[in-house]
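Student: My questions all concern the structure below.
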Amino acid sequence: MSEAGNNPNDDNQKTDGTADFEPLTATYERLRHSDDSAALSEFARRPLPDRSDQAAFSRATALLEAVAGNAHTPLEDRVFLAETMPFPNILVKLSTDESPEVRKAVAGNSDDKNWLVGRLTKDESPEVRATALRNKRTSWKMRLEGAEDPSMDADTLDFLGALGTQIEPDAPVVLATMVRRAVALNPNVSDRMLQQLAQDDAGDVRKAAERHLAEK
């Protein structure tokens, strides 16, 4: 049990009115340095105030950043926040978490900003990179770089190789074609995808796939 003043739940104790007057920075630091995992978990799962109460809502989301960045917050709760939070300050904090599982959850969050997903396409973890490349927030530049990456796994290349055809058929034609062509030239592309790209409607993609097949 944490000592009085170190319990994250103190922020919710308003019977004497004192919690209302604690400066945000003081509460933030208390949460950031707390080692009470159970209380941090409760705070992470606590429903946010209604947005109509702008002050309370802003305070709660700011404090969740401290909870997200505290290593004593249980892993499952950090993953929960990474999967469900739409707030950039929280997602940015979690995107540098030591656990690849947490970073992967951020990478798959559809509320990410495109620059944050782009950063995660360069993550040291292959699983995080692959998840980020599947996120619709990822820029076409990052998708192209992923398709060109010689260390990219075949499953992710299968996804990228289907862009503009089976996946996101309304995607920009030129950009999707560039990505599929890069997949066709990638040494890790699966034989199935390579055969599919050899039948692609885009001539540049077909030629690249045919050249790759001829080299096998």
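The values are calculated or read from the model by the stated rules, or taken from the named source; none is laboratory data. On a predicted model such as this, the values are computed, not experimentally measured, just so you know. Every residue, glycine among them, receives a Cβ derived from its backbone with ideal geometry; neighbour counts consider all protein chains shown. Ligands, DNA and RNA are excluded from the accessible area calculation, which covers all protein heavy atoms including side chains. Shrake-Rupley method; radii C 1.70, N 1.55, O 1.52, S 1.80 Å.
Student: Scan region 69-122 for residues that are open to solvent by 50 Å² or more (accessible area, probe 1.4 Å), of a type in the set (A, V, I, L, M, F, W, C), under 18 Å from Glu42 (Cα atoms) and out of contact with any Lys or Arg (no Cβ under 8 Å at 6 or more places or on another chain) and jot them down.
Tutor: Ala71, Leu75
Student: Hey, another quick one. May I ask you to say which residue of Arg134, Arg181, Arg119 is over 26 Å from Thr84 (Cα atoms) and basic (Lys, Arg)?
Tutor: Details: Arg134 fails: over 26 Å from Thr84 (Cα atoms); Arg119 fails: over 26 Å from Thr84 (Cα atoms).
None of the others qualify; the one that does is Arg181.
Student: Next up: Filter region 145-154 down to the residues that are open to solvent by less than 40 Å² (accessible area, probe 1.4 Å) and part of a helix (DSSP H, G or I), then identify the one that is farthest from Ser95 (Cα to Cα).
Tutor: Here the answer is Ala154.
Student: Taking the criterion of being in the same structural domain as Lys113 (by the TED database), part of a helix (DSSP H, G or I) and within 22 Å of the chain's Cα centre (by Cα), would at least one residue in region 45-53 satisfy it?
Tutor: Taking region 45-53 as the starting set, the residues that turn out to be in the same structural domain as Lys113 (by the TED database) are 45-53.
Restricting the remaining residues to those that are part of a helix (DSSP H, G or I) gives 45.
Add one more test, that the residue is within 22 Å of the chain's Cα centre (by Cα), and what stays is 45.
Yes - at least one qualifying residue is present in region 45-53.
Student: How about region 155-173: which of its residues are of a type outside the set (Val, Ile, Thr) and open to solvent by less than 50 Å² (accessible area, probe 1.4 Å)?
Tutor: The first filter runs over region 155-173 and keeps only residues of a type outside the set (Val, Ile, Thr), leaving 155, 157-164, 166, 168-172.
Hits for region 155-173 are Leu157, Asp158, Phe159, Leu160, Gly161, Ala162, Leu163, Gly164, Ala171.
Student: For Ala147, state whether it is in contact with a Leu (Cβ under 6 Å, 6 or more places away or on another chain) and at pLDDT 95 or above. Outline the logic, then answer.
Tutor: Details: in contact with a Leu (Cβ under 6 Å, 6 or more places away or on another chain): yes; at pLDDT 95 or above: yes.
Considered against the rule, which asks whether it is in contact with a Leu (Cβ under 6 Å, 6 or more places away or on another chain) and at pLDDT 95 or above, Ala147 comes out as yes.
Student: Among residues belonging to region 181-203 that are acidic (Asp, Glu) and either surrounded by fewer than 16 Cβ atoms within 10 Å (Cβ to Cβ) or assigned to a helix (DSSP H, G or I) (or both), point out the one that is farthest from the chain's Cα centre (by Cα).
Tutor: If we filter region 181-203 for residues that are acidic (Asp, Glu), which is where we start, we get 191, 200-201.
From the residues that got through so far, the ones that are either surrounded by fewer than 16 Cβ atoms within 10 Å (Cβ to Cβ) or assigned to a helix (DSSP H, G or I) (or both) too are 191, 201.
Values: Asp191: 30, Asp201: 33 Å.
Once the filter is applied, the top-ranked residue is Asp201.
Student: Test Met178 against the stated conditions and say whether it is assigned to a helix (DSSP H, G or I), open to solvent by 10 Å² or more (accessible area, probe 1.4 Å) and in contact with a Ser or Thr (Cβ under 6 Å, 6 or more places away or on another chain). Write out each step before concluding.
Tutor: Values: assigned to a helix (DSSP H, G or I): yes; open to solvent by 10 Å² or more (accessible area, probe 1.4 Å): yes; in contact with a Ser or Thr (Cβ under 6 Å, 6 or more places away or on another chain): no.
So Met178 does not fit the description; no.
Student: Continuing with this model, one more query. Being β-branched (Val, Ile, Thr), touching a Ser or Thr at 6+ places or on another chain (Cβ under 8 Å), under 13 Å from Gly146 (Cβ atoms) and part of a helix (DSSP H, G or I) is the filter here; which residues of region 89-135 pass it? Please lay out each step first, then the result.
Tutor: Here is the first cut: in region 89-135, the ones β-branched (Val, Ile, Thr) are 90, 92, 96, 102, 106, 117, 121, 128, 131.
Adding the requirement that they be touching a Ser or Thr at 6+ places or on another chain (Cβ under 8 Å) leaves 90, 106, 117, 121.
Those still in the list that are under 13 Å from Gly146 (Cβ atoms) too: 117, 121.
Within region 89-135, just Val117 meets the criteria.
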